Amino acid sequence: MNRNPASHPGSELEVIERLPELRALVVGDVMLDVYEFCRTGDSKPIDSEKAGKRAYQAQETIKVLGGAGNVAANLASLDVHTTLVGVTGDDEHYFKIRELADGSSIRHGLIRDGGRPTTTKVRLYLDDDYLLRRDSECTDRVGERISAALVKEVLRALPETDVVVLSDYAKGVFTVENAGQIIRECRLHEVPVVVDFKPGNREIFTGVDIIAPNAAEAAELIGGFSTDRLETDCRRLHDALGCRNTVVTLGARGLCGVGAGGFFHVRGHQVKPVDKVGCGDTVRAGLAIGAALGLPLVEAGALANDAAAVIVQKPATSVLSRRELHDFVAEKRAGETQPAAVLTGREGEPAE
C-alpha cells in the first residue's frame, strides 16, 4: 500500500471505495461483550425463592466482540482485510471469540492464558432499560511467555499489514517490552501505528503516529481538558504526549486534533444518539484507515467522525458496513453548507 500523502484519494467517497485494498492489524485487549435482555412479563411476577423480589423473563442474549475485538470488527465490516491479535483466558469464551472473529472474516492470533479469564462485560437490560454491567477480568500484566507469543503473532502478520492499531484497555496485555518491540518493528516496516491507551499506561507507548484518547482521558493526562479552550488544551496534550499526531474524541462535539497541518476541530453531526458504547473504537478504526492511506490528519478525523455518527445511532456494541458509511457521507455532502472542520496553524492563525 502506498502511504504517500501526495497520492491519497481525492474525496471521502473515493477513500470508502478503496477500503477493500487495505490490510489492518489490531493488537490489544480482546473482550467479549454480552447483552442480556429481560422483560417483566406476566408469568413470574414474584420470585418464589426470595420473598419480595421479582423474577424476570429472559428475552434475548447477544454476544459480540468488544475492546480490541470491536476495533477489528469495525474494520472488517468496512471490508478492510483485518487481523486480530490478543490474549484470552483458556476458557469457553475463547471459543466464542474465535467463532465471532471467523464469522466476521477476521484472521486471528489469539493466545490463551490459563492464568486469567477472558475479559467479559455482561450488560443487563430490563424492558430496554440498562440496569447494570458485570465484569470478569484480570488486569495483571501478562507474563514473559505470553508476551513473547503476542509479539510473535504480530511479527508474523506485519509484512502484510498497512496499519497497526494498538488498543489498550489496561487489562494487562501490553508491557513496556512488548509494546516497545511492536512499535520498533512497525517503524522498520514503515507501518503507521495508531494507539488508544488508558492514561496509566502512557509511558508504554512512545514514538507512534497517532494517539487518540477521549476528553476524559485527555483531562487525566494533562490535569484538565476543557471544550471552552479546545485548541490550547489539545496543543498542551500533544506536547505532553510527544507523538506525531494527537486526536481527542469529544462525544457530540465531534473530535479535535493536532498534526502537521496544525490544530483542527471536526464538528459533531446532529444525529439522534442511541448508544455511545463502542464509538471510540469506531473512531480508531477510521483514523487507522486514514493513516494507511496517508491522508492528512484532518481528513482522517472527518472520516472517523462520520463513522462514529453512524455507530452512535445503533444499539449496544455495533459495527457499520461500507455501504452505510458511503450513504451517510453521500447524504452529508448533498446537504453540506459549511466546512466540516476548522483548521489553524499556529495558535489561532489560519493554516497555510
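The values are calculated or read from the model by the stated rules, or taken from the named source; none is laboratory data. Small disclaimer: the values here were computed from a predicted structure and weren't measured. As a convention, Cβ positions derive from the backbone with ideal geometry for all residues, glycine included, and neighbour counts pool all protein chains shown. Heads up: the accessible areas ignore ligands, DNA and RNA and are worked out on the full protein's heavy atoms, side chains in. Shrake-Rupley method; radii C 1.70, N 1.55, O 1.52, S 1.80 Å.
Each label was represented as a point 7 Å from its Cα along the Cα-to-Cβ direction; for D239 and R184 these points are 3.1 nm apart. Among the listed options [x] 18.2, 51; [y] 25.7, 96; [z] 20.6, 72, the one matching Rg and Dmax of the Cα atoms in Å as calculated from these coordinates is [z].
Diagonalising the gyration tensor over the Cα atoms of region 182-248 and scaling each eigenvalue by 5 before taking the square root yields semi-axes of 23, 12, 8 Å, largest first. Taking all protein chains together and rolling a 1.4 Å probe, I222 ends up with roughly 30 Å² accessible.
Applying 1/(1 + (r/R0)^6) with r as the Cβ-Cβ distance of V176 and A51 and R0 = 45 angstrom yields a FRET efficiency of 0.25. Against the main long axis of the alpha-carbon atoms of the chain, helix 144-157 sits at an angle near 60°. For V194, the shell of other residues with beta-carbons less than 12 Å away shows a net charge of -3, using +1 for Lys and Arg and -1 for Asp and Glu. Who wins for biggest fluctuation among C138, C243, C38 in a Gaussian network model of the chain, springs between alpha carbons below 10 Å? Sorting by GNM fluctuation, first place goes to C38.
Answer rounded, prolate or oblate for region 37-127, using the Cα gyration tensor with square roots of eigenvalues a ≥ b ≥ c: rounded when a/c is under 1.5, else prolate when a/b is larger than b/c, else oblate.
It is prolate, given that a/c is not under 1.5 and a/b is the larger ratio.
Based on C-alpha pairs under 8 angstrom that are at least 6 apart in sequence, the chain has a relative contact order of 17 percent. Segment T227..R98, full-extension length gain: 42.4 nm, with 0.36 nm per residue of separation and the alpha-carbon distance subtracted. A compact globular protein would have a Cα radius of gyration near 2.2 N^0.38 Å; the ratio found for region 96-153 is 1.48.
Qualifying GluC sites (Glu not before Pro) in region 36-143, where qualification requires a DSSP coil assignment and no more than 15 other C-beta atoms within 10 Å, comprise E49.
The label point for S11 and the one for S105, both projected 7 Å from the Cα toward the Cβ, are 2.5 nm apart. Principal semi-axes of the equivalent ellipsoid, √(5λ) from the alpha carbon gyration tensor of region 116-257, are 26, 24, 14 Å from largest down. How far is helix 68-77 tilted, in degrees, relative to the longest principal axis of the Cα atoms in the chain, given as a value from 0 to 90 rounded to the nearest 10? Between helix and principal axis, roughly 70 degrees.
Which angle from 0 to 90°, rounded to the nearest 10, does the C-alpha axis of helix 322-335 make with the longest principal axis of the chain? Between helix and principal axis, roughly 50 degrees. Among the trypsin sites (Lys or Arg not before Pro) found in region 218-315, those both in a DSSP coil and sparsely packed, with 14 or fewer other Cβ atoms within 10 Å of their Cβ, are K276. For the pair region 193-220 / region 111-132, the C-alpha centres are spaced 24 Å from each other. Using 0.36 nm per residue and subtracting the Cα-Cα separation, the extra length available between E60 and K198 on full extension is 46.5 nm.
Along the Cα-to-Cβ line of T40, 7 Å from the Cα, sits a label point; which residues in region 122-148 have backbone N less than 20 Å from it? Answer for region 122-148: 124-132. With every protein chain in place and a 1.4 angstrom probe, the accessible-area ranking of F95, F328, largest first, reads F95, F328. Note on the chain: helix-only mean residue ellipticity at 222 nm, from DSSP H runs of 4+ residues weighted -39500 (n - 2.57) and normalised by residue number, equals -10500 deg cm²/dmol.
Applying 0.36 nm per residue to the separation of R133 and D91 and subtracting their alpha-carbon distance, the gain on full extension is 13.1 nm.
Measuring against 22 Å, Cα to Cα, the residue pairs K50/K121; K272/K332; K152/K198; K63/K171; K121/K198 contain K50/K121; K152/K198 as the ones spanning a longer distance.
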